[in-house]
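Please treat every number below as a calculation from the coordinates, not as lab data. Keep in mind that what you see is a predicted model, and the values were worked out from it rather than measured. Counting neighbours? That spans all protein chains shown, and the Cβs are built from the backbone with ideal geometry, glycine included.
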């Protein structure tokens, strides 16, 4: 059985790390999401209606909230680990008896806190313009938690793999960003040609967004149970990979 001593102090350290600069790590992403809403909502509100009785601005809000959760969860764990590797601070953790599971819980747990904090801020600010409703709130909680956990785990994997900030930026710009923006944040996949609908269904981020949006409107492009199955499986896969990398000391132990 893996020991969990030290997981809570490390988690607190990671939370305090981003909270001390909350204006940059929390407030700035909220402002970015608000700008997306103002621009896209203003341009498309009178031209696009995805679900009956749901305006485009209302439709857009859950997507922006989930996008913010995912991007910031990834950013927290990845930036923390790569920064510790480059500055040499990681050695202080390597000399402790922390188990791989403790490392995982601390880094991913802190990433989830940041992602959910930013997502909550985005919802509070953007919801003032067009309250999206709460048709099935259980799905909101489930997909927000799983989405934040998956991206926090991917951030941990990226931080372990990268040896410099350029590599981490490439991982984010060429993998995380495209998968996020092509997941249905700004549109319904039903509006796409059949080929691109099929491609979208291969993107696990699509199921996170679609399941999360289901909680607000009670409507979705695919069954929320299918989305839950895909997202839960994705989480299990990336969690196993991350724990194996931590256990092997991949790129953190000489």
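Return one quarter of the surface area of the convex hull spanned by the alpha-carbon atoms of the range 23-90, equal to its mean projected area, in nm². Over every viewing direction, the Cα hull of the range 23-90 projects on average to 5.5 nm².
Apply the a/c threshold of 1.5 to the C-alpha gyration tensor of the range 96-188 and tell me whether it is rounded, prolate or oblate.
Details: a/c = 2.50, a/b = 1.51, b/c = 1.66.
Cα axes put the range 96-188 in the oblate bin.
In terms of surrounding Cβ atoms within a 10 Å radius of their Cβ, 180, 57 rank from fewest to most as 57, 180. Summarising the label geometry, the points placed 7 Å from Cα in the beta-carbon direction at residue 101 and residue 237 lie 2.4 nm from one another. Please work out the Cα center distance from the range 66-80 to the range 190-228, rounded to the nearest Å. Using only Cα atoms, the two centres lie 21 Å from each other.
Take 10-23, 144-157 and order them by the average number of nearby Cβ atoms within 10 Å per residue, most first; the result is 144-157, 10-23. If R0 is taken as 41 Å, the Cβ-Cβ distance between residue 244 and residue 43 corresponds to a FRET efficiency of 0.35. The sum of -39500 (n - 2.57) across all DSSP H runs of n ≥ 4, divided by the residue count of the chain, sets its helix-only mean residue ellipticity at 222 nm to -23000 deg cm²/dmol. Computed from Cα atoms, the angle from the helix 137-161 axis to the main principal axis of the chain rounds to 40 degrees. Relative to the longest principal axis of the Cα atoms of the chain, the long axis of helix 224-248 lies at roughly 20 degrees.
Once the Cα atoms are used to define both axes, helix 28-44 deviates from the longest principal axis of the chain by about 20 degrees. Over the Cα atoms of the range 136-254, each weighted equally, I'd like the Debye log10 I(q)/I(0) at q = 0.10, 0.20, 0.22 Å⁻¹, rounded to two decimals. Debye output, listed in q order: -0.35, -1.09, -1.22. The ellipsoid that matches the Cα gyration tensor of the range 1-43 has semi-axes, each √(5λ) in whole angstrom, of 36, 13, 4, with the longest given first.
Working ranking of peptides 214-222, 126-134, 59-67 by packing, defined as the average number of other Cβ atoms within 10 Å per residue, highest first, is 59-67, 214-222, 126-134.
When 36, 107, 250, 56 are sorted by how many other C-beta atoms sit within 10 angstrom of their C-beta, beginning with the fewest, the order is 250, 36, 56, 107. Rounded to whole Å, give me the distance from the Cα center of the range 98-133 to that of the range 1-36. Result: 8 Å between the Cα centres. Rg then Dmax, both in Å and based on the Cα atoms of the range 7-248: 18.0, 59.
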